[in-house]
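Right, one structure below, let's go through it.
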Amino acid sequence: MSTAEPMAPDAPPKIRIRGLKKAFGSNVVLDGVDLDIAAGESLVVIGGSGTGKSVLLKCILGLLTPDAGSIQVDGEETVGLSEREMDRVRRKFGMLFQSAALFDSLPVWENVAFGLIQGKRAKRDEARKIAARRLTDVGLEPRVGELYPAELSGGMRKRVGLARAIATDPEIIFFDEPTTGLDPIMGHIIDNLIAKLTSKLGATGLSITHDMASARRISTRMAMLYKGRIVWDGPTAEIDRSGNPYVEQFINGSAEGPIDIPLQDHFA
Amino acid sequence: MVPVLQPLGRTFLAFLAVTGRLTLFAARGLSHCARPPFYGRSILRQMIDIGYYSLPVVGLTAIFTGMVLALQSYTGFARFSAESAIPNVVVVSITRELGPVLAGLMVAGRIGAAMAAEIGTMRVTEQIDALVTLATNPFKYLVAPRLIAGVLTLPVLVLVADIIGIFGGYLVSIYKLGFNPSTYLKNTLEFLTFEDVFSGLVKAAVFGFIITLMGCYHGYHSKGGAQGVGQATTNAVVSASILLLSFNYIITELFFAR
């Protein structure tokens with residue numbers, strides 16, 4: 001899809017990342033990431049397993065503290081903010097986790113309404129109505145709201161996770177491997193939902209995935225992460241003629257090429 | 001010399017690191033107990049879990065302990081013809097020591113393990129990360145309600161255990177050892193002092209804090225899937241039990257050593 005409106009070239013990016021570094025012990029995961037995400041676009045970061053995609057996402061969300069570098073959201077520096085201030089920034093975010101990460105002690109509707117009740121102090125009755133609407137948005141019947149997450153199939157959990165991510169009308173939505181663990185058809189359906197709902201909300205999207213089919217469906221722009229750096233970024237339409245050997249090897253999935261896969265990365 | 005000292009030093013440093021982490025965790029949890037918003041619904045749910053659902057286990061432990069206490073004291077004291085001290089022994093032992101300690105150990109096994117497993121699973125399935133991204137502080141939402149519920153509920157539970165334990169001693173003394181019921185009751189009430197019961201309840205509140213803190217701490221820091229959660233559960237129960245017994249000594253010393 002390419003429904004994002006073209007923005008003025010001098011519009012400030014929604015998220016601006018400069019020189020982001022993060023290491024765990026001697027294992028350098030992010031080694032100076034520079035990335036801009038414009039308002040209204042849907043950027044997909046592609047890259048192999050263990051290249052630091054998840055760490056990048058967690059740094060932006062404030063779940064991990066970067067070692068160096070800067071992350072700005074709407075021009076505001078978020079590295080070094082206190083927990084309370086970071087919570088204020090996080091109210092702009094929605095997040096779909098890889099395994100949905102639904103709260104299994106709460107019924108589905110309370111999962112969806114969680115951000116409204118806890119974050120935005122909405123009344124329970126009111127939040128419940130919004131949750132029912134969101135469940136319809138993701139193609140689930142409102143009665144599913146009475147079930148518990150353990151009673152749902154993988155595809156349904158993903159949908160509920162999506163409903164929870166969009167419940168608070170976030171400005172920026174993050175998707176962590178949205179199609180992992182789903183069959184190809186269900187993956188396709190979730191991709192379509194993601195594309196439809198992000199453009200309906202006018203939200204900015206940032207996804208990480210290694211599923212190229214999914215990346216093509218949900219992105220307007222792609223960036224490739226390799227060895228802790230962005231090695232290529234550009235519009236999705238140009239991915240097949242990028243001229244970048246890393247991107248070419250990755251999208252063709254060939255074992256031969258410049259991407260070196262040391263053994264330890266398989267276990268990282 | 002070096003091969004001996006090196007692991008020793010490493011173990012000692014690791015111990016200090018854990019102590020520091022635990023203290024910070026406790027301080028953070030406590031600071032969230034004092035600041036709004038309060039999650040009344042969660043506190044109530046935890047209180048029902050810790051208090052109401054532990055009643056059968058704690059009640060059974062207390063009644064058998066009271067019974068065996070009377071029986072053992074009788075067989076021991078009969079040698080000195082001091083059988084009349086049995087109500088005294090039962091009351092003092094139950095209210096000061098056995099009520100709080102045994103109830104605490106049972107709750108550590110039941111609740112400490114359950115909390116570590118629940119929070120640990122939330123950690124490894126990214127539910128805690130999900131809480132954070134929904135702008136909800138996990139300390140406020142998960143840890144503080146459990147700490148508050150533990151501190152408030154354990155004293156009530158121990159009070160019930162005290163009553164059941166003393167009743168167990170009464171049963172054995174009357175129906176097996178042939179004591180006179182009214183004399184036994186009169187002696188029991190005479191020996192019952194406020195300080196004994198109070199010290200037991202203070203212990204209970206401290207134990208409630210230790211058990212819930214250990215459950216939350218080990219759950220919160222668990223990693224590595226199912227095995228990590230299992231490890232966290234074990235650590236929570238073992239560390240809660242050991243801390244509980246050592247704090248039991250310290251509190252006893254504070255109350256009764258003159």
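Brief remarks follow.
- Leading residue by the ranking (surrounded by the most Cβ atoms within 10 Å (Cβ to Cβ)) among those in segment B:221-258 that are in contact (Cβ under 8 Å) with a residue 24 or more places away in the chain and closer than 17 Å to B:Gly200 by Cβ: B:Leu244
Residue-by-condition table, conditions (1) closer than 13 Å to B:Cys216 by Cβ; (2) without any contact (Cβ under 8 Å) to a residue 24 or more places away in the chain; (3) exposed (fewer than 12 other Cβ atoms within 10 Å of the Cβ); (4) touching a helix residue (DSSP H, G or I) at 6+ places or on another chain (Cβ under 8 Å):
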site	(1), (2), (3), (4)
B:Ala17	no, yes, yes, no
B:Arg28	yes, no, no, yes
B:Ser31	no, yes, no, no
B:Gln46	yes, no, no, yes
B:Gly51	no, no, no, yes
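- Among the residues making up segment A:164-181, those that are more than 13 Å from chain B (Cβ to nearest Cβ) and crowded, with 21+ Cβ neighbours inside 10 Å are A:Pro178, A:Thr179.
- Scanning segment A:209-263 for residues that are of a type in the set (A, V, I, L, M) and closer than 18 Å to A:Asp34 by Cα yields a count of 7.
- Screening segment A:44-143 for helices (runs of 4 or more DSSP H) wholly inside it with 2 or more residues that are closer than 30 Å to A:Lys227 by Cβ and within 10 Å of chain B (Cβ to nearest Cβ) returns the ranges A:53-61, A:83-90.
- A:Ser153 meets the conditions (1) over 17 Å from A:Leu102 (Cβ atoms); (2) more than 13 Å from chain B (Cβ to nearest Cβ); (3) not aliphatic (A, V, I, L, M) in every case but one. The failed one is (1).
- Every test in (1) touching a helix residue (DSSP H, G or I) at 6+ places or on another chain (Cβ under 9 Å); (2) surrounded by fewer than 20 Cβ atoms within 10 Å (Cβ to Cβ) is passed by B:His218 save one, and that test is (2).
- Within segment A:149-196, tally of residues that are free of Cβ contacts under 8 Å to residues at least 12 places away in the same chain and within 14 Å of B:Ala130 (Cα to Cα): 0
- Taken together, B:Gly178, B:Gly169, B:Gly165 contain a single residue that is farther than 17 Å from B:Cys216 by Cα, of a type in the set (Gly, Ala, Ser) and free of Cβ contacts under 8 Å to residues at least 40 places away in the same chain, which is B:Gly178.
- Sole residue being surrounded by fewer than 22 Cβ atoms within 10 Å (Cβ to Cβ), among the hydroxyl-bearing types (Ser, Thr, Tyr) and on the phi > 0 side of the Ramachandran plot, chosen from B:Ser93, B:Ser81: B:Ser81
- Any hit, segment A:228-246, residues being out of contact with any Cys (no Cβ under 9 Å at 6 or more places or on another chain), closer than 22 Å to A:Arg157 by Cα and either hydroxyl-bearing (Ser, Thr, Tyr) or free of Cβ contacts under 8 Å to residues at least 12 places away in the same chain (or both): no
- Of all residues in segment B:160-168, one or more are at pLDDT 95 or above, out of contact with any Ser or Thr (no Cβ under 8 Å at 6 or more places or on another chain), within 29 Å of B:Arg41 (Cα to Cα) and surrounded by 16 or more Cβ atoms within 10 Å (Cβ to Cβ).
- From the list A:Gly234, A:Gly202, the lone residue that is out of contact with any strand residue (DSSP E or B) (no Cβ under 9 Å at 6 or more places or on another chain) and surrounded by fewer than 22 Cβ atoms within 10 Å (Cβ to Cβ) is A:Gly202.
The values are calculated or read from the model by the stated rules, or taken from the named source; none is laboratory data. If you're wondering where the values come from, they're calculated on a predicted model, not measured in any experiment. Note that we place each Cβ from the backbone using ideal geometry, even for glycine, and neighbour counts take in every protein chain shown.
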